[in-house]
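Encoded as structure tokens, the structure appears first; notes follow it.
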């Protein structure tokens, strides 16, 4: 299971404020905390101010690289911003994201192929719309995989986002998400299946509890990557315990090491 730390995102008021004020200490702390908590990637989003997005994202990259060696997941729909950011980072990044929208396929996918990046591919149609029908989502995924293969991007570098939607809007959305994950995993075994985990609980109380329960089900269905909060100890504990129970953690090393280091389990 790969974890993309979600905390350095300008849509969060505190992060947006830190970017605007160039509060490096605040961003560095978030980067260090997520790194120490076990993230594999750090999502960087500076898109709330489109006019300054490229400059803001470069500042985020340079600030964050001072305190962590983790690679970044660069989160932007703007191909020009992404190209500048790709040429700034020290390690090859993941790109978040492409869809079947022409401006993304024509602008972003060539960058992914040129720089050998991993890429998140959202199961949305050519107009950026989702669907509650699993069959529609799978049709979108098939077209996306055709496009990535045509561009020379290997299946192993593609992370298909199953598009989780809030169960507070439709109580069947959790089930739809699980079915989508299972279908993608079954049809494209060499493609990774990702999700923005916290979307499923949006608008409801006790969101961490819902996120933990959904993650356990999703891992069983084939999820192997998530944009999530690595600072949520109980969420991380549920993930590591589930992986151990599913036989994905040889000799339970990750689980026992994390427990001994105090990253999961009772608060020290």
(message) Can you find a residue that is outside any loop (DSSP other than H, G, I, E, B), closer than 21 Å to residue 195 by Cβ and under 18 Å from the mean Cα position of the chain (by Cα) anywhere in segment 56-73?
(response) yes
(message) Against the definition (at pLDDT below 95, in contact with a helix residue (DSSP H, G or I) (Cβ under 7 Å, 6 or more places away or on another chain) and buried (at least 17 other Cβ atoms within 10 Å of the Cβ)), how does residue 263 come out, yes or no?
(response) yes
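Per-residue answers, yes or no, for (1) under 22 Å from residue 13 (Cβ atoms); (2) buried (at least 18 other Cβ atoms within 10 Å of the Cβ):
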residue: 48; (1), (2): yes, no
residue: 62; (1), (2): no, no
residue: 66; (1), (2): no, no
residue: 69; (1), (2): no, no
residue: 73; (1), (2): yes, yes
residue: 83; (1), (2): no, no
residue: 88; (1), (2): no, yes
(message) Only one of 197, 210 is over 17 Å from the mean Cα position of the chain (by Cα), more than 19 Å from residue 260 (Cβ to Cβ) and surrounded by 18 or more Cβ atoms within 10 Å (Cβ to Cβ). Can you tell me which?
(response) 210
(request) Collect the residues in segment 12-42 that are crowded, with 22+ Cβ neighbours inside 10 Å and either farther than 24 Å from residue 95 by Cβ or outside the structural domain of residue 62 (by TED's automatic domain parsing) (or both), keeping them in residue-number order. (result) none
(message) I'm told residue 156 meets every condition in (1) buried (at least 19 other Cβ atoms within 10 Å of the Cβ); (2) touching a strand residue (DSSP E or B) at 6+ places or on another chain (Cβ under 8 Å) except one. Can you identify the failing condition by its number?
(response) (1)
(message) Any residue at all in segment 112-128 that's surrounded by fewer than 20 Cβ atoms within 10 Å (Cβ to Cβ), assigned to a helix (DSSP H, G or I) and in contact (Cβ under 8 Å) with a residue 12 or more places away in the chain?
(response) yes
(message) Would you confirm whether or not segment 47-59 contains a residue that is touching a strand residue (DSSP E or B) at 6+ places or on another chain (Cβ under 6 Å), on the phi < 0 side of the Ramachandran plot and modelled with pLDDT of 95 or more?
(response) no
(request) Scan segment 256-267 and report the pairs whose first residue is in contact (Cβ under 8 Å) with a residue 40 or more places away in the chain and whose second residue is in a helix (DSSP H, G or I) and surrounded by 14 or more Cβ atoms within 10 Å (Cβ to Cβ), with Cβ atoms within less than 7 Å and a gap of 6+ or a chain change. (result) 258/240; 263/37; 263/236
(request) Tell me which residues, restricted to segment 8-38, are in a loop (DSSP other than H, G, I, E, B) and either touching a residue at least 40 places away in the same chain (Cβ under 8 Å) or over 21 Å from the mean Cα position of the chain (by Cα) (or both). (result) 10, 21, 22, 23, 38
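The values are calculated or read from the model by the stated rules, or taken from the named source; none is laboratory data. Remember, predicted model here, so these are calculated numbers, not experimental data. A quick note on method: Cβ atoms are made from the backbone with ideal geometry, for glycine too, and the neighbour counts reach across all protein chains shown.
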